[in-house]
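The structure appears right after this line, and notes come after that.
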Amino acid sequence: MSEVFTKSMARNIYYGGSLFFVFLFLALTFDTMKTLPQQDNRAAITPQVALGKRVWEENNCIGCHTLLGEGAYFAPELGNVYKRFGNSTEAIKAFIRSRPANGIPGRRSMPQFNLSEEELEGVAQFLKYTSEIKTQNWPPNIQG
Amino acid sequence: MKYQSQKVARLYFMAAIGLFTGQILFGLILGLQYVIGDFLFPAVPFNVARMVHTNLLIVWLLFGFMGAAYYLVPEEAERELFSPKLAVALFWIFLVAGALTILGYLLVPYSGLARLTGNDLLPTMGREFLEQPTITKLGIVVVALGFLYNIGMTILSGRKTVINMVLLTGLVGLAVLFLFAFYNPDNLVKDKYYWWWVVHLWVEGVWELILGSILAFVLVKVTGVDREVIEKWLYVIIAMTLITGIIGTGHHYYWIGTPGYWQWLGSVFSALEPIPFFMMTVFAFNMINKRRLNHPNKAAVLWAEGTAVMAFLGAGVWGFMHTLAPVNYYTHGTQITAAHGHMAFYGAYAMIVLTIISYAWPILRGEKAANQRAQVLEMWSFWLMTVSMVFITLFLTGAGVLQTWLQRYTDDPLPFMVVQEKIAPFYWMREAAGVVFLIGLLVYLYAFVARGKPAEDATAA
């Protein structure tokens, strides 16, 4: 780089630029938090949904599945599984309940997590709540 | 080695390489589970193996960064480390906590580990990359604070070079942003929004400061180019990193329940994110072309060049490929993401740690460079690992393109598992490339054996 462009100019761009964008990011975050109530389906967060989120977390579901496209890519997207399963929490519960403990020979299979009825209901309600978050029409289709 | 206390870096580098090896072994298990679904089931289910794979990556990179800091900070500050004893103590705390956590993942069902560690008191577990029990996270904070204290005291009471100050900024940022790992609201959208403050603002923010300063340090040492020139480059690169990368976080805010304007902001700013990586490539090659000395450690120079190229390809090019919102609408959460993740992490962060180890290890043993044979072996390992990572990325990209097409783009989208079976040949090829990577890693490890007895042992005896 030429002599015209000095180290102290570079330093000023670094400090000034970074600081400006940190503040811009904070302002955008503030605005996002203000608009979230219209999008994030927070009215649906019941104690049951909160329990379901904990069940989701404490069984590391994200270690195989994606949720709104984030997570591992080994098993299907679950952000819209409630809709894929015909808008049925019962279908979700039945699926989780029926996983064979020793898997399926040669194939990927979800582990048997031995969830209680309360936990099953919670995680199903959590997935229902998630499917009703406004995600700018993602995923493109029902297959997730 | 100018200062005795730099020696503490050796411990950190050894742990980094050991955990790196573990990470690769679990990577091979995961790759096999992609095609032989019941491999090791139910003893080591995919989610457990993946958690071990990604957590080992994070921990070995952190060991690498800390080792790098303990090596280069005293030399830059022109004084001994503030407290070598603290550095050794923190090493063992971090290693034992890390090992216990990994063993916990492998030996106890995850829900049991959550109960055992009292996740109910402050639930932070079960989110991607932040799976560590809350108590481990607290341990990480303690280690980070002790580490920053040690490094900070050294830097602030010594010569304050740009490299040291940028490194310190990056490390402080790393520690501060990690605190968002403790924020886990019931609202999934908010949870995800701030989760990215750890994940994105680490790897596309402050970690790039750490990467840049380590690369700048090594380039100062192996090229002999005037420090003023290198520091100016460093400032410009990290300026571009933060100018593009902070708002670039928006490319994660397209489809998680956040407002639509993030599609514009995320697309525009993250499309600029390759710029600092490209500048890093130009920087590294420029400095090496203008070198004023021929450093005998050819392997270290090769790693530095490799980092500059592979970080640009993996983070820059493969990141740009799926970062624009209209493209990402179809590729989000497919194997395209996995392809990008593999080459970006290897190219930017694994390779910079291997660069500083390559440069510092001989010096810590009391020699300027390893013997010819060990260097040739190390360079072989460089090519084996780097080329096989290119192929891993290409095969995953192939899998991802097909997956995007079959599951997302056609008029008759197919279910996830049907698509997975159709793209299995790509997974097999990825696994084969993974085996070559392991061979490369074994050559890398053997290169350490081939170095023979350290020179300093001979003088000590």
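Assorted remarks:
- Residue match in the stretch B:359-371 (condition: modelled with pLDDT of 95 or more, part of a helix (DSSP H, G or I) and of a type in the set (S, T, N, Q)): no
- Restricting attention to the stretch B:294-340, the residues that are buried (at least 24 other Cβ atoms within 10 Å of the Cβ) and within 11 Å of chain A (Cβ to nearest Cβ) add up to 7.
- Test result for B:TRP197, touching a residue at least 12 places away in the same chain (Cβ under 8 Å), within 13 Å of chain A (Cβ to nearest Cβ) and not small (Gly, Ala, Ser): yes
- Residue in the stretch B:168-184 that is among the small types (Gly, Ala, Ser), over 24 Å from B:ILE230 (Cβ atoms) and either modelled with pLDDT of 95 or more or assigned to a loop (DSSP other than H, G, I, E, B) (or both) present: yes
- Applying a threshold of 7 Å to beta carbon distances and a minimum spacing of six or more residues, or different chains, the list of pairs starting in the stretch A:106-124 at a residue that is under 20 Å from A:LEU51 (Cβ atoms) and ending at one that is polar (S, T, N, Q) and surrounded by 12 or more Cβ atoms within 10 Å (Cβ to Cβ) reads A:PHE113/A:ASN59; A:GLU121/A:GLN48; A:GLY122/A:GLN48; A:ALA124/A:THR89.
- Test: residue in the stretch A:130-140 that is under 20 Å from A:PRO47 (Cβ atoms) and exposed (fewer than 14 other Cβ atoms within 10 Å of the Cβ): no
- Scanning the stretch A:1-48 for residues that are facing another protein chain (nearest Cβ under 8 Å), touching an Asp or Glu at 6+ places or on another chain (Cβ under 7 Å) and not charged (D, E, K, R), we see that the one that is surrounded by the most Cβ atoms within 10 Å (Cβ to Cβ) is A:ASN41.
- Taking the stretch B:317-331 as the range and being assigned to a helix (DSSP H, G or I), under 15 Å from B:THR397 (Cβ atoms) and not polar (S, T, N, Q) as the test, the residues that pass are B:VAL317, B:TRP318, B:GLY319, B:PHE320, B:MET321, B:VAL327, B:TYR330.
- Number of the exception - A:TYR15 against (1) assigned to a loop (DSSP other than H, G, I, E, B); (2) out of contact with any strand residue (DSSP E or B) (no Cβ under 8 Å at 6 or more places or on another chain); (3) on the phi < 0 side of the Ramachandran plot: (1)
- Tally of residues being in a helix (DSSP H, G or I), buried (at least 24 other Cβ atoms within 10 Å of the Cβ) and more than 26 Å from the chain's Cα centre (by Cα) across the stretch B:250-271: 0
- Filtering A:GLU117, A:GLU90, A:GLU70, A:GLU121 for residues that are among the acidic types (Asp, Glu) and crowded, with 22+ Cβ neighbours inside 10 Å leaves a single hit, A:GLU70.
- The stretch A:51-88, residues that are touching a residue at least 12 places away in the same chain (Cβ under 8 Å), in a helix (DSSP H, G or I) and either in contact with a Lys or Arg (Cβ under 6 Å, 6 or more places away or on another chain) or within 11 Å of chain B (Cβ to nearest Cβ) (or both): A:LEU51, A:GLY52, A:LYS53, A:ARG54, A:VAL55, A:TRP56, A:CYS61, A:VAL81, A:TYR82, A:ARG84
- Among (1) assigned to a helix (DSSP H, G or I); (2) on the phi > 0 side of the Ramachandran plot; (3) not acidic (Asp, Glu), the one test that B:ILE352 misses: (2)
The values are calculated or read from the model by the stated rules, or taken from the named source; none is laboratory data. Fair warning: this is a prediction, and the values are worked out from it, not measured in the lab. Neighbour counts are summed over all protein chains in view; Cβ atoms, including those assigned to glycine, are modelled from backbone coordinates with ideal geometry.
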